[in-house]
Amino acid sequence: MMRFSGKTVYKGIQMGPVLVLKGNDSQVKRDKIQDADAEVERVGHAVEKAQQQLKKLYDKAVKEVGETSAAIFEVHQMMLEDEDYLDAIHNMIRTEMVNAEYAVAVTGDNFSEMFAGMDDDYMKARAADIRDISNRLVQNLQGKEDIDLNSSEPAIIVAEDLSPSETVQMDKEKILAFVTVHGSSNSHTAILARMMNIPALIGVPMDLDAIQSGMTAVVDGFKGEVIFEPDERECEAAKKRMEEEQEKLQLLQSLKGKENITLDGKKINIFANIGSVGDVGYVLENDAGGIGLFRSEFLYLGRDSFPAEEEQFQAYKQVVQMMAGKKVIIRTLDIGADKQVEYFNLGKEDNPAMGYRAIRICLKQSEIFRTQLRALFRAAVFGNLSVMYPMITSVEEVQKIYEIVDSVKAELDGDGVPYKVPEQGIMIETPAAVMISDELAELVDFFSIGTNDLTQYTLAIDRQNEKLDEFYNAHHKAILRMIRMTVENAHKAGKWAGICGELGADPELTREFVRMGVDELSVAPSMVLRLRKAVREMKTED
């Protein structure tokens, strides 16, 4: 029996056979060639085949996990067209007269190391993408096909790491859990695992040579541990836990259609956070009362030009129509910080989380903002749409927003385009906004508290920095007092206040939030029924 601890990506418990994926074990040899043009041509054919493979992966991912999670395969397609990357491969073939496989492998290693050594977290994440596309090219050059991960029996996938390509190729009905040696909670694979609702552990210090396919394993995402070849006692305990979890899920299903109301009559709205039109299915499946956060910036990611007004309008319109009268709160683009987009030309910043981002971009590059507002106001005609503006720090910013809104209204009137000015709110995610929330509440229709950034800015801790995990305390008294203060100031002005950050799904704080008078909690779709259960079983005065 071998027991290892790791970091939980998605909670859950599963037991079953292990399938070890060790990637492409074949060695890439350096061979001398006679015809460089022929090798360059081979690279071209391999790139074409890779583009076709990635297009299929994208289409499959859109159906299974939505456009947001599928976007990585569009990014990979664009990376395969990068002139610097391809020129480096071609140059090595011609100057060193080496085979295409070797040139691709070495170039991939060089570019990957370059990205991994950068300070910016977004650029660091590109290192894994470069390795993925380079491995794909080598595989194509060697005449090997993608590994078929759909024909095996249901299994616990164990690997050094998993690329997005490998993850999406798997039949999710046959995956019991993920366990990897490497990976981060912000990686594309982790995002896909959460979207698939599959228990997953990363950072597990296991020796893959000591683990073989066919072994039995127990993956416990609640404890953050995996046990290989568990003894009879561990197996019986795992089976019992799995039965309990299944019963809990069935009980949660019985809560569909029920109100989110406490035993002593206190009601709270429970909404869902999404990142794309494709995620609406998860919202409806989990019976959320509405959408409390639609991250519109995902319309801008994974592409090389701005989305046009009509494209945005169609996306927003589709969401509000699918929600059939339920509230849909769309956040205007929150680009910057860890969401870098090359065509925005944001430039290099030493501290992007506190730099040129979100509403600051919209106010400085107002044409981008105006296009989005036109699309949002047009879509508001078709359903219950609200708009909220992120990263507000002053009254002056809200006033500038309203000046632009008035200008957009006049423009739409002049064009004779049907529109509706929706409910307008702001994100409270900076200490500055909290401290002047009494003044801000007089100007807007609602507050939505973004606890992720609020915690980061209040505690002066980069939430992407793993070294600071032990210092990052989302339950800090200062954070809770700020939430209370914000809610009280909203209510004094007759406005409502919700929470759309990770803290909203924290069951340890649900009672506290209800007692504070928080009007709405917006969480991951998979947490909606769990929160409903917690609310319906509590008394606020206990």
query: What does the charge add up to near GLU512, with Lys and Arg as +1, Asp and Glu as -1, over the other residues with Cβ less than 10 Å from its Cβ?
result: +1
- prompt: Using a 1.4 angstrom probe and counting only protein chains, how large is the accessible area of ARG241 in Å², to 10?
  reply: 60
query: With every protein chain in place, what's the accessible area of GLU470 (1.4 Å probe, Å², nearest 10)?
result: 150
Subset of LYS174/LYS239; LYS7/LYS539; LYS11/LYS56; LYS11/LYS60 violating a 28 Å alpha-carbon distance limit: LYS7/LYS539; LYS11/LYS56
By accessible area with a 1.4 Å probe, ligands and nucleic acids excluded, highest first: order of PHE306, PHE228: PHE306, PHE228
message: Sort 105-112, 455-462 by the packing proxy (mean of other Cβ within 10 Å over each peptide's residues), most packed first.
response: 105-112, 455-462
- request: Any chance you could look up the accessible area of GLU512 with a 1.4 Å probe, heavy atoms only, rounded to 10 Å²?
  value: 60
query: By accessible area of protein heavy atoms, probe 1.4 Å, what ranking do THR540, THR8 get, highest first?
result: THR8, THR540
- request: Rank-order 217-227, 253-263 by packing density, defined as the average count of other C-beta atoms within 10 Å over each peptide's residues, highest first.
  value: 217-227, 253-263
- request: Taking all protein chains together and a probe of 1.4 Å, list CYS362, CYS235 from the most accessible to the least accessible.
  value: CYS235, CYS362
- request: Under 11 Å from the Cβ of ARG374, count the other residues' Cβ atoms, weight Lys and Arg +1, Asp and Glu -1, and hand me the total.
  value: -2
query: Based on the mean of other beta carbon atoms within 10 Å per residue, what is the order of 325-331, 293-299, most packed first?
result: 293-299, 325-331
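The values are calculated or read from the model by the stated rules, or taken from the named source; none is laboratory data. Values in this document were obtained by computation on a predicted structure and should not be read as measured data. Heads up, the Cβs are rebuilt from the backbone with ideal geometry, glycines too, and the neighbour counts pull from every protein chain shown. With ligands, DNA and RNA removed, areas are computed over all heavy atoms of the protein, side chains included. Shrake-Rupley method; radii C 1.70, N 1.55, O 1.52, S 1.80 Å.
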